[in-house]
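**Student:** Structure in structure tokens, see below.
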Amino acid sequence: MKSKAAIKMIRPKGGAIATHMEDMIRLLGEDPHREGLANTPQRWEKAMQYLTSGYQTNLSEIVNRALFTVDFDEMVLVKNIEFFSLCEHHLLPFFGKIHVAYLPKTKVIGLSKIPRIVDMFARRLQVQERLTQQIAEAITEAVAPRGVGVLCEAQHFCMMMRGVEKQHSGTVTSAMLGSFRRNKATRDEFLSLVNRA
Ligand SMILES: [Zn+2]
């Protein structure tokens, strides 16, 4: 977990990113001072800071006081969590849906916290595989459940707009930990709940 001081060091002063963006606009053959582009570098900096704000979030802040002791050992599933992320290879968006399930041991987490955990990792420079894994590991760390399953279905702008230009291809990744990894019946229950209309 990053200390406050470390975050300050890596987070440049306001305007530093915008200055680079202005140079990039020029290098792309545009006039950064024409009316439509005049404030684009500042807007882009703000947008990028928001889209990478997951670096400033940590799990303990999210989980804070939202763990509850329960006598419940059936699967908890939050499905169709929308997410938007940036692929670290092209800095282009990838987006889609994430389904998160776990089997509680003694604790459950407030349901609204699960989308916040998704956002914490989605709002970083990512690859879909790591995003999926990090969410599963964070749920494991937060809840200490018997197992966790995460399924991520995404579309990547870097595939849709450039390169192979395949607009309708989707990428599916999964991370199965604990009983979800060991037990086929648990995995199958998760996948059938996800696929149920
Ligand atoms: Zn990409």
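The values are calculated or read from the model by the stated rules, or taken from the named source; none is laboratory data. Quantities reported herein were computed from a predicted structural model and do not represent experimental measurements. Neighbour counts run over all protein chains shown; Cβ positions are idealised from the backbone, glycine included. For the accessible areas, the whole protein counts, side chains as well, though only heavy atoms, and no ligand, DNA or RNA atoms are used. Shrake-Rupley method; radii C 1.70, N 1.55, O 1.52, S 1.80 Å.
**Student:** Over 30 Å from residue 162 (Cα atoms), at pLDDT 95 or above and of a type outside the set (Val, Ile, Thr): is that true of residue 116 in this structure?
**Tutor:** yes
**Student:** Ok, one more. Within the set of pairs 6 or more residues apart or between chains, which connect a residue that is within 16 Å of residue 43 (Cα to Cα) inside the stretch 13-32 to a residue that is open to solvent by 90 Å² or more (accessible area, probe 1.4 Å) with Cβ atoms less than 7 Å apart?
**Tutor:** Listed pairs, sorted by first residue: 18/42; 32/26.
**Student:** Name the strands (runs of 3 or more DSSP E) wholly within the stretch 42-103 that hold at least 2 residues that are closer than 18 Å to residue 133 by Cα and out of contact with any Cys (no Cβ under 7 Å at 6 or more places or on another chain)?
**Tutor:** Numbers: elements: 67-69, 76-87, 93-103.
Passing ranges, in order: 76-87, 93-103.
**Student:** Please go through the stretch 130-157 and pick out each residue that is open to solvent by less than 10 Å² (accessible area, probe 1.4 Å) and either among the aromatic types (Phe, Trp, Tyr) or more than 23 Å from residue 185 (Cβ to Cβ) (or both).
**Tutor:** 131, 138, 154
**Student:** Continuing with this model, one more query. I need every pair where a residue in the stretch 100-112 that is surrounded by fewer than 21 Cβ atoms within 10 Å (Cβ to Cβ) has its Cβ under 7 Å from the Cβ of a residue that is charged (D, E, K, R), sequence separation at least 6 or different chains.
**Tutor:** Pairs found: 105/146.
**Student:** Just checking, how many residues over the stretch 158-181 are surrounded by 15 or more Cβ atoms within 10 Å (Cβ to Cβ) and either within 15 Å of the ligand (Cβ to nearest atom) or at pLDDT below 95 (or both)?
**Tutor:** Kept after step one, since they are surrounded by 15 or more Cβ atoms within 10 Å (Cβ to Cβ), are these residues of the stretch 158-181: 158-160, 173-181.
After this cut, where a residue has to be either within 15 Å of the ligand (Cβ to nearest atom) or at pLDDT below 95 (or both) as well, the list is 158-160, 173.
Summing the residues that are surrounded by 15 or more Cβ atoms within 10 Å (Cβ to Cβ) and either within 15 Å of the ligand (Cβ to nearest atom) or at pLDDT below 95 (or both) in the stretch 158-181 gives 4.
**Student:** Across the stretch 82-125, what is the total count of residues that are closer than 22 Å to residue 60 by Cβ and more than 16 Å from the ligand (Cβ to nearest atom)?
**Tutor:** Residues that pass the stated criteria total 22.
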